[in-house]
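Everything below concerns the one structure shown next.
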Amino acid sequence: MTRPRHIWAKLLLLAMVCYFLIPVWWLLVASTKNAEGLFSGNGALWFSHGFHFFENLGDLFTYNNGEYLRWLGNSALYAFAGGIGCTVVSVLAGYGFAKFSFRGRNLVFAAVLGSVMVPLTALVIPTFVLMSNAGLTDTVWAVILPSLLSPFAVYLMRVYASASVPDELLDAARIDGAGELRTFVRVALPLMRPGVITVLLLSIVSTWNNFFLPLTMLSTSKLYPLTVGIGLWEQLASSNNGGGQSLWNLIITGSLVSIVPLVVAFLTLQKYWQGGLAVGSLK
Amino acid sequence: MNRKWIAGWLFILPFLVVFLAFLVAPLFYAGYLSLWTKGLATGTTFAGFDNYTRAFEDPSFRKGLWFVLRFSAVVIPLQIIVALVAALVLDEVTGRLARFSRLVIFLPYAIPAVLGALMWGFLYSPSFGPIEQIATAFDVRAPFLLSQGNIFYGLLNVVTWQWSGYYMIIIYAALRSIDTSIYEAARIDGANARQIALRIKVPMVSSALVLILVFSLIGTLQFFTEPQILAPIANGSVTPDFTPNIYAYNIAFRYAQFNYASAISFSLGFVVFLAVGIFMFVTRKKGSIFT
């Protein structure tokens, strides 16, 4: 009775898998081709004769004094500094909002919730002007500091802290003479761990993937993250046809290499984020 | 008691500093900047709301705004339908294929929008994409999905591919948290699988759907990365005023008109705020994170 229905469902899933994998599959195949194979005009979705992946990889890491590796390092720096910073700030605030009642709390929290609706990119240009007045544009700080802001992460942590940390446990710790910080670190934080990892992952992803902010803040290519760097290569490659042909191979291999770290992170941390993401939508 | 009062503020203090420095300050500064005009001969003069009148009368800004509104009206329902269908199927089917599909559908979320746009740009490309090759094999003319007339659809596909999986996971997580005894009860009352999906599951995840709608509305109105990345290979389909954000970026960094760019940003922010506000008001009964 249920069999035929599930067959249709499975066919639908297979179709979806194909659709969502096609660009990645193409990237994988294309990264094994040399320029000639890339432009040969047959079989874009299958391997051409000759396996040039390691050759491309070598070119990628050595091109222009290894600027790709530099961008990779920058991306990692921005993502970790921005992501960890954002998580620390948001977890502390979420816990503070959830577990303490102080005057002005509701007003401040309402402002935070309202700001979820403010489009953050609309703030990039004024932030640029402010940063430029402070002499901070074109430094790593111009990318890292604005990444610390995530009103949604605060909201998420507040919901998570209220749901997972019982007040009785905190009171018991306080009666035992533990200070507020110690109570937070020893009692509350372990209980909030899945939520913390979700927020960490989400904020690392959003910093790693960010394009608009670093594009406006940075003008020295040595400070670029991967997203802006590959965008630069793409512009170079499409503006000088012919001479730019070899760059397309670098762009393709570079794109493949730069999606690997996050995909691996998501695969290994599956059980955390799949549960954690539910929290925001449950209330 | 007094000690707790102070502790609460201390916990939120670091966030508050970031919030004031990178949200409140730029917001007010943009508001302030937008009220002035900088002329080569006249210097900086107070302009009042002139920049806003100029923005809303500027055909470039209006064109961009119209594009993102039109685009939102199509892409948001499309993403939600893809995400909802995928989540409902995954909630029903179990096994290795289901687990694998869940990961694959979510995968694009872990890929930067820059690279997502770039990969699809390659696939659309007449010089090394498969679309052209397949069309040639069947002896028909392939549509170039980045041409003036088609770029709307080209972008629609990129954005749907990029975000549907993330929304699917949110809906899926909400579905998983429903108490399954409700389905048993419905089945005893004679409900079939489709009725259970549409009459029970969908209403029960409505707050997740509202959350997703708000997120994708805010995200789409700020459209920047994908068209900006596709611009160099789109043969001029992506104009410097393609979306309000691209327009503001070009005014600020190509023409160094920061006052007018701030007014554009602020106007866009206002439109987003208004759109989300209206949406919240319409769906307020459904229950959402903001109530």
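The values are calculated or read from the model by the stated rules, or taken from the named source; none is laboratory data. Please read these numbers as outputs of a predicted model, since none were measured by experiment. Ideal geometry is used to build each Cβ from the backbone, glycine not excepted, and the neighbour counts take in all protein chains shown.
Of the helices (runs of 4 or more DSSP H) lying entirely inside the stretch A:1-111, those carrying at least 3 residues that are under 27 Å from B:Ser164 (Cα atoms) and within 21 Å of the chain's Cα centre (by Cα) are A:3-30, A:53-99. Within the stretch A:238-246, is there a residue that is modelled with pLDDT under 90, farther than 18 Å from A:His52 by Cβ and either in a helix (DSSP H, G or I) or touching a strand residue (DSSP E or B) at 6+ places or on another chain (Cβ under 9 Å) (or both)? Scanning the stretch A:238-246, I find at least one residue that is modelled with pLDDT under 90, farther than 18 Å from A:His52 by Cβ and either in a helix (DSSP H, G or I) or touching a strand residue (DSSP E or B) at 6+ places or on another chain (Cβ under 9 Å) (or both), so the answer is yes. Of all residues in the stretch B:154-186, those satisfying the criterion of being away from chain A (no Cβ under 12 Å), surrounded by fewer than 21 Cβ atoms within 10 Å (Cβ to Cβ) and in contact with a helix residue (DSSP H, G or I) (Cβ under 9 Å, 6 or more places away or on another chain) are B:Leu156, B:Ile182, B:Tyr183, B:Ala186. The number of residues in the stretch A:157-176 being surrounded by fewer than 16 Cβ atoms within 10 Å (Cβ to Cβ), of a type in the set (A, V, I, L, M, F, W, C), under 24 Å from A:Ile197 (Cα atoms) and more than 31 Å from the chain's Cα centre (by Cα) comes to 1.
Among the residues of the stretch A:147-168, the ones that are hydroxyl-bearing (Ser, Thr, Tyr) and facing another protein chain (nearest Cβ under 10 Å) come to 3 in all. Residues that are small (Gly, Ala, Ser) and at pLDDT below 90 were ranked within the stretch B:111-146; the one that is nearest to the chain's Cα centre (by Cα) is B:Ser125. Once the stretch A:107-146 is narrowed to residues that are among the small types (Gly, Ala, Ser) and facing chain B (nearest Cβ under 7 Å), the residue that is surrounded by the most Cβ atoms within 10 Å (Cβ to Cβ) is A:Ala122.
Checking B:Val238, B:Val271 one by one, the residue that is more than 7 Å from every other protein chain (Cβ to nearest Cβ), β-branched (Val, Ile, Thr), under 21 Å from A:Ile230 (Cα atoms) and crowded, with 17+ Cβ neighbours inside 10 Å is B:Val238 and no other. A residue that is more than 7 Å from chain B (Cβ to nearest Cβ), under 17 Å from B:Pro14 (Cα atoms) and part of a loop (DSSP other than H, G, I, E, B) occurs nowhere in the stretch A:184-192.
For A:Ser31, the conditions (1) under 29 Å from A:Ser147 (Cα atoms); (2) away from chain B (no Cβ under 11 Å); (3) surrounded by 19 or more Cβ atoms within 10 Å (Cβ to Cβ) all hold with the exception of (1).
Going by the conditions given, is B:Ala30 in a helix (DSSP H, G or I) and either free of Cβ contacts under 8 Å to residues at least 12 places away in the same chain or within 11 Å of chain A (Cβ to nearest Cβ) (or both)? Yes; evaluated as a whole, the condition is true for this residue. Residues being more than 9 Å from chain A (Cβ to nearest Cβ), in contact (Cβ under 8 Å) with a residue 24 or more places away in the chain and of a type outside the set (A, V, I, L, M, F, W, C) are represented in the stretch B:133-149 by at least one member.
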